[in-house]
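*Asks:* Quick one: this structure, given as structure tokens, is what I'll be asking you about.
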Amino acid sequence: MEDENIIFEQLAIFDLLSKFILTIDNQDAKVCASLFTENGRFENGSLMIKGRQKLYE
């Protein structure tokens, strides 16, 4: 049973990453931001954007 849960969790992560990449490719900031929690953050090197609204902007 535990192995099944790991597989389902991995598939959920792959699905989320696929959606994220697709929104980046399509330059769809609104949908991309919706993939994050309300106080989620995106970090890339010294850049950090925190909060869904800031991610959208």
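The numbers here are math on the coordinates, done by the rules we state, and not lab data. Keep in mind it's a predicted model, so treat the numbers as computed, not measured. Cβ: placed from backbone, ideal geometry, glycine included. Neighbour counts: every protein chain shown.
*Asks:* Sequence gap at least 6, Cα distance under 8 Å: using those rules, report the relative contact order of the chain to the nearest whole percent. Mind showing how you got there, number by number?
*Replies:* Working: 42 pairs, mean separation 13.9, N = 57.
Relative contact order here is 24 percent.
*Asks:* Plugging the Kirkwood radius over Cα pairs into Stokes-Einstein for the chain, at a temperature of 25 °C and a viscosity of 0.890 mPa s, what D comes out in µm²/s? Display every interim value, and only then the final one.
*Replies:* Details: Rh = 12.5 Å.
This corresponds to a translational diffusion coefficient of 197 µm²/s.
*Asks:* Here is a further query. Under unit Cβ charges (Lys, Arg +1; Asp, Glu -1), what dipole magnitude, rounded to 20 debye, does the chain have relative to its Cα centre?
*Replies:* Numbers: 6 positive and 10 negative charges, 103 e Å.
In debye, rounded to 20, the chain gives about 500.
*Asks:* Shifting gears a bit: What's the angle, to the nearest 10 degrees (0 to 90), between helix 2-25's Cα axis and the longest principal axis of the chain?
*Replies:* 30 degrees
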